[in-house]
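The values are calculated or read from the model by the stated rules, or taken from the named source; none is laboratory data. These figures come from a predicted structure and were not determined experimentally. Here the Cβ positions follow ideal geometry from the backbone for every residue, glycine too, while neighbour counts run over all protein chains shown. The area values use the complete protein model at the heavy-atom level, side chains included, leaving out ligands, DNA and RNA. Shrake-Rupley method; radii C 1.70, N 1.55, O 1.52, S 1.80 Å.
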Amino acid sequence: FIQETRQKIGLTKKIGCAPRDYYLNVSMSREDSLWRLFNEEVVPHELIRDGSVDRAMLLEQGSWRYDLYGGDDLTYDNIISVSPFDQPIFLVGTFPGKLILQLNQSMNENATDQYYNTLPTWILAGQIHPDQDCELYTRQSNLPRVLHALQQLYPDIGNPLKQNMTSTSIWLSFVADQWSCSGGVLDNQWWSTLNDTMNNSKNRKRMVSLAIVSFILASFAVCLVVKVVLIACGCDCSATSRQVKNNKEEYSGMMSNFHDNGDTLHQNQADDEEEVEEPSIKIV
């Protein structure tokens, strides 16, 4: 069933050919390092492009989640395993290159949440010249921490700008541009359709949750109104004492008290045989 579902939504479609497998938790000095691939090939091709403007991307080492397997059969599933969250990329601003290098050093020196000891906690990729201005980018979940650290060094930041690029689409675009091969076809419409499907599913779940909460609140409100009405009418219904007779438990009858103009009606269907009474249970 799982395999059929993966095929149905297109995860197993071939989109390109990778020259080798790349591993997440290895030093960037190794040729099979996923982060080295990102720094030396993905960012230059998809972010810097012609090199006319210095651009850099600062990401936390947990931005990618899995090794990249593929070889001659690289699929959508391989890329989504590496970057499953599809977070928007933001342009933080344009700053002196020297400041961005200082920011990277500062964030690594003060880092406390290092997942892989083979990698820096924060990884800076791109084209940076210390004496030139450089555009700084990061993904959505890293943005608050980057802004906080940057404000310690450069108070006048401005407002970050959301880009028409995500942490997943940058990989898909790279594959289409650099790893195309026979039989591999990247359908940009497929990715948009899958995102729409996932968003619609999330919206349906939210609507069901809201409906359930609304039903519970409405039920509670009805019970509260009924209780208030009963109290206002002066109705108090109680079960009478429980008795033990012939080794069996029985109720002696129903006692109903109705307060109407001071009159009390008392009904008691009691058995005349010898009985042993237990403490009464009163339910109001």
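Data for the structure
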read-out	value
Longest to shortest principal axis, alpha-carbon extents of the stretch 12-89, angstrom	37, 26, 24
Mean projected area in nm² (Cα convex hull; one quarter of hull surface) for the stretch 1-134	9.6
Area accessible to solvent at VAL222, 1.4 Å probe radius, in Å²	90
Karplus (6.51, -1.76, 1.60) ³J(HN,Hα), θ = phi - 60°, over the stretch 144-158, in Hz, Gly and Pro reported as x	x, 6, 5, 5, 4, 5, 5, 5, 6, 10, 8, x, 8, 8, x
Extension gain, ASP177 back to ILE231 (0.36 nm per residue minus Cα-Cα distance, nm)	11.9 nm
Estimated inter-spin distance, ASN159 and GLN140, nm [label 7 Å along Cα→Cβ]	1.8
Surrounding net charge for VAL42, when Lys and Arg each add one and Asp and Glu each subtract one, Cβ distance under 11 Å	-3
FRET efficiency, 1/(1 + (r/R0)^6) with R0 41 Å, evaluated for TYR66 and LEU99 via beta carbons	0.80
